[in-house]
1. For the range 17-60, report the % of Cα-Cα distances exceeding 15 Å.
2. How much length is gained on full extension from Ala24 to Glu355, taking 0.36 nm per residue of separation minus their Cα-Cα distance?
3. Label points 7 Å out from Cα along the Cβ direction at Lys279 and Glu135: separation in nm?
4. Based on the alpha-carbon gyration tensor of the range 1-83, what equivalent-ellipsoid semi-axes (square roots of 5 times the eigenvalues) come out, in whole Å, largest first?
5. In nm, to one decimal, how far is the modelled label at Lys15 from the one at Ile56, with both set 7 Å along Cα→Cβ?
6. Run the numbers for Ser114 and Glu311: contour at 0.36 nm per residue of separation, minus the present Cα-Cα distance, in nm.
7. Take the range 190-232, compute every pairwise Cα distance, and split them into 5 Å bins from 0; I just need the percent in each bin.
8. Accessible area per residue for the chain in Å², computed with a 1.4 Å probe and the full protein assembly in place, what is it?
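The values are calculated or read from the model by the stated rules, or taken from the named source; none is laboratory data. Nothing here was measured: the structure is a model prediction, and the numbers come from that model. Note: ideal-geometry Cβ built from the backbone for every residue, glycine included; neighbour counts use all protein chains shown. For accessibility, only protein heavy atoms count, side chains too; no ligands or nucleic acids. Shrake-Rupley method; radii C 1.70, N 1.55, O 1.52, S 1.80 Å.
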Amino acid sequence: MIVNTCTVIGTTERKMLRRLAAFADRDLYVTGCMPLVQMEDIRKVCAPQVIHPDEIHARAGNIGTSGAGAIGVVQIASGCVGQCSYCITRLARGQLKSAPKEAILDAVRHLVASGAYEIQLTGQDVAAWGFDRGESLPVLLQAIGEIPGQFAVRLGMMHPASVLAILDDLVEAYASDKVFRFLHLPVQSGSDTVLELMQRGYRAADVLRIVDAFRERYPDMMISSDFITGFPGETDEEFCETLELLKRAAFVKVNITRYSRRPGTPAAALKDLPERIRKDRSRALLAEANRIYDRYNERWIGRETPIVATEKNTPGSTVCRNPCYLNVIIEEDLPFGFSGRAVIRKNRRHYVTGERIPGGTCHKV
Ligand code: SF4
């Protein structure tokens with residue numbers, strides 16, 4: 001039994017420990033971030049063997065993984081260049097280690113040849129790829145774009161400070177048909193005071209500069225974000241600045257996490273806010289985020305858009321993506337890789353429904 005762990009927030013950590021305890025009598029292996037920073041806690045509930053996460057790719061000799069449907073995943077880097085005061089991932093994964101460009105290109109070629117359409121590039125901070133090698137993400141994207149075949153890259157989470165360093169070239173890189181117009185930009189707070197305490201290395205105005213640069217060039221672009229509510233010391237005014245940033249940037253698809261103290265991090269020494277405040281702020285942010293999500297989806301209704309079938313969830317329907325990574329559900333069984341056009345009909349918040357226009361092709365059977 002292999003348990004792949006995460007310890008990014010307190011509730012996840014507790015879930016992992018419960019799961020490990022439930023399998024304590026098995027031949028148990030543990031991997032992921034938790035054994036790298038919380039081995040003592042693990043040993044209290046079981047006595048597993050440890051697999052270092054880097055060892056998995058090293059042994060497989062490949063950084064690509066086939067996902068569900070027509071999805072392939074390539075981990076382009078591990079670690080980061082951040083100093084975020086609340087983050088335990090940094091302690092687990094350490095400094096940025098970018099995969100070599102050739103290894104990434106090989107993995108993408110291989111996944112495309114085996115039928116993947118959506119290639120997800122992942123890492124703790126995808127925008128930082130290459131900073132440790134004297135290379136940069138836009139150059140990598142250009143090389144990926146030259147790989148023949150029908151596919152598109154979905155870029156993973158990008159730290160705003162790393163994006164700022166490559167902003168103009170990155171905006172340009174998104175012009176390629178082989179890059180989904182989707183940006184995951186975790187901003188965490190809209191207050192410069194809180195951002196400083198978090199040691200994030202940018203200000204709220206920088207976030208707007210990034211958002212405006214992308215939206216000016218690609219008006220329909222989907223820009224998603226993550227927020228932490230109730231960071232120690234966050235005042236009502238500072239929380240309102242976060243709400244304002246969310247509204248002004250109109251982030252679509254927002255992950256909201258109540259602050260949770262992580263062991264060994266600098267922020268763990270700060271005094272927590274009451275749980276009620278963290279919860280109330282999280283609710284208020286979510287209500288606004290939902291309104292923005294609805295508004296974004298509604299602007300697509302009645303419009304015709306290209307779609308590609310990438311996943312299945314229920315029989316008789318297919319999950320498709322449009323070039324902005326809009327989640328379009330078509331009530332038909334379409335083969336993975338099918339590409340055609342659809343008219344968007346209804347907003348269901350986390351997805352939209354679409355009606356396929358007759359025609360279309362399938363690049364893989
Ligand atoms: S960039 Fe910050 S939040 Fe992201 S992994 Fe690094 S230290 Fe953690």
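1. I get 39 percent for the Cα pairs in the range 17-60 exceeding 15 Å.
2. Gain on stretching Ala24 to Glu355: 114.2 nm.
3. Distance between the two pseudo-spin positions: 4.8 nm.
4. One finds semi-axes of 24, 16, 13 Å for the range 1-83.
5. 1.6
6. So the chain would gain 69.4 nm between Ser114 and Glu311.
7. Taking all Cα pairs of the range 190-232, the binned fractions are 6, 18, 27, 20, 14, 10, 4, 1 percent.
8. It amounts to 45 Å² per residue over the chain.
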